[in-house]
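Engineer: Here it is: the structure, laid out below.
The values are calculated or read from the model by the stated rules, or taken from the named source; none is laboratory data. From a predicted model like this one, the values you see are computed outputs, not experimental measurements. Every residue, glycine as well, gets a Cβ built from its backbone with ideal geometry; the counts of neighbours run over all protein chains shown.
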Amino acid sequence: MAALANVVLTGQLTLISPASFGALLAVALAFILNTLLTARERGETLSRHASQLKTIAGRLEASLKNAATINARLNQSKARYKGLVDAQDDAIFRPDSASRLTYGNDAFFKLFGINSARANGYPFATEPLPESRAPLFGSFLEAGRNRARYDQHVKTTNGYHWIAW
């Protein structure tokens, strides 16, 4: 063992006994074997993780494909609905709670002479006939209610007309 310590401490190789050489060889082989076993275990773990990731990636791809299909169907449905609403001769629009325009069909924009590209998101208010006693647009809504009906005499591109809201 003294010879082994001499190699480690000073780097000088001296003759060692066969027993010391055997011990040195056994330690080296044990180290190499341990390293190989550790590498094998890590490889198996990485292989399992890669398999799990592949499975997850497949599920994600299937989910994305399903979402894309649903999105395409929704877009088709939206286009059909918009086509149906836009084909109406009646003016159709939808304001939010602050009377900002969220949707209007072509007949609505044509009736009031509004540029559709710049109207959405902006407040919409009709111009009532000056001597009209009808309430201003939006002032008739009760708190918590989304709908109301009334008639109003308002200015359109073709002059003043009665509109049933």
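Engineer: Pairs please, first residue from the stretch 66-88 and modelled with pLDDT under 90, second anywhere and outside any helix (DSSP H, G or I) and surrounded by 10 or more Cβ atoms within 10 Å (Cβ to Cβ), Cβ atoms under 8 Å, 6+ apart in sequence or on different chains.
Structural biologist: What qualifies is VAL85/ILE92; VAL85/ASN105; ASP86/ASN105; GLN88/ASN105.
Engineer: Give me the pairs: first residue in the stretch 148-161 and under 16 Å from PHE124 (Cα atoms), second residue at pLDDT 85 or above and surrounded by fewer than 11 Cβ atoms within 10 Å (Cβ to Cβ), beta-carbon distance under 9 Å, and six or more apart or on different chains, which are they?
Structural biologist: Note: pairs meeting the criteria are THR156/GLY113; THR157/GLY113.
Engineer: Another question, then. Considering only residues that are at pLDDT 85 or above, surrounded by 10 or more Cβ atoms within 10 Å (Cβ to Cβ) and farther than 21 Å from ASP89 by Cα, which ones fall in the stretch 104-159?
Structural biologist: TYR122, PRO123
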